[in-house]
Every structure is written in structure tokens, then in C-alpha cells.
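Just so it is clear, none of the values below were taken in a lab; they were calculated from the coordinates. Because the structure is a prediction, the values reported are computed rather than measured. Every residue, glycine among them, receives a Cβ derived from its backbone with ideal geometry; neighbour counts consider all protein chains shown.
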Amino acid sequence: MRVPFLGVWLPNFPAVLAVAVLMAVTAIPAPARAQGPMALHLVLAFDASASVNDVEFDIQRTGTARALLHPSVRSAIAQSEGGVAISIVQWSSIGLQTVGLDWAVLRDTGDVEALADRVHAMPRKLSGGGTMIHAGLAFAARQLDAAPGTARRRVIDLSGNGRTDDHDGMLEMRDRLVRNGVVINALAIEEHNDDLTSYFYRYLIGGPGAFVITADEFEDFSVAMRRKLYREIVGPVLSRGRPGACARLARAAR
């Protein structure tokens, strides 16, 4: 039905209104699709206790920056579904922990290069103190809780050159975190020849696919960190994977 308006026959007003509303609604841009979870939230926990001098701390810092820029690590990040987010904490005694670098989301080469620059320039914020690994784990866990978005895997990657000063506290914290779905990996710096690797395997790491990488001394840190980062980003390799997957993983991590 049409109605007259100023000598012109127009459609019925309710119909006109309905069409106008429909056109306005369809003109509103559709909301962006919610982004899915990242592949990984990773906290790198640097030993900053009294047993680590400034030269050795710098090796942790510069070694991590170089490891991030290695082609295998950059490729793993670029191929990760949803990207990865990395943060660095520095740990020592109870009450002596701090954020070295807050969260950085990595999805492409540019993101990785920017983080490597930040890691290289990161100052040492702690100096001295004991080796309270459980306190470092607890602080790293709180940093995980502050990570951006969600991730399919949550990992704490602890680097250290000595055994904890509180063994029972470390065991309790490890078990608590593993129950909450956190994987704990370790990089053992064997400068004191006390088989720290076996100690970390037995008492520190935990969760699906958890592992220890060994650096025979601080000078080996960069290669060890690169191997560890690659394994953490690509995720655990299961025995039921495609033929040759483990061999390809080993070659890429060299």
C-alpha cells in the first residue's frame, strides 16, 4: 500500500522504516573474528644469584639474543599456529625476583628481531643472593598468569648453574605447577662438574615432554638455548608422529 506525501506517492511508512533499519544493520562492519590461542606462553628464568657473575649473566643475555635469531628458531616461530609469547624473569633468593622483559608476542621475523634487540639490551636487575629455585619458579608462574591472551602450552624455562638451597621447596613448587598444567624445562650450566643435568632431570623438570639441555660451561649457553627454544616452540615430538619427524627435528636444532 502507498500513501501520498507532498503530491508524491510513497510506500507505506512501516515498510520504509523496516527497509531502512535493515540497510543500516547490514552496513555495520562485522566484528573481527576472535583470535584463537597462541601456540606457547614461555617464561625464560635467568639465574641472577651470587654464583653468577656479571660476565656469566651477560652470556645468558647475549646467548639468548643470538639463539632467537637462529634460522631454526625464527622458522619455528613463523610456523607456529597463533604465534608465541615470551617473557624473561631474573631470579635469586626469596624476595629477589624481578621481570627482566615483559611479554612480547612473536609471529614473524620482525617481531623476533625486535625481541632479540631488547634481550641484548636488557640490564641485570638483581645481583647476589642464594639459589632459591622454588622462589624463581613461583615468580615465573605469576608472570605466566599475566601473559597476553591464551596459549595451548605454558612453559617455564629455567637456566641455572647450581642446585637449590631449598630442596623440599623446589619439589613442592614443581609438583604444584605441573598439576596446574605448566611444563618446566631446564638448562643446566655444568661449570661446577656436579652433574646438575641429572639433578634437574630428577628433581626440577616436569610436565608432558619436559626436558633438560646441558651447557658444559657458560660459553656453551647460546647453542644450548637455541636447541631448547626450538624444542619448546615446536612442542613435544611423539613417537607416533610421521616417519622421519624426529630426524628432521634433530637436524633443524643443530
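Close amide H partners of A45, meaning residues 5 or more places away or on another chain with modelled amide H under 5 Å apart, are V89, D157, L158, S159. Identify the residues of region 98-124 with backbone N under 19 Å of a label point that sits 7 angstrom from the Cα of V55 along the Cα-to-Cβ direction, or state none. Counting only backbone N, you get 124.
For region 40-252, the gyration tensor built on C-alpha atoms gives a rounded shape. Its axis ratio a/c (a ≥ b ≥ c) stays under 1.5.
For G82, the shell of other residues with beta-carbons less than 10 Å away shows a net charge of +1, using +1 for Lys and Arg and -1 for Asp and Glu.
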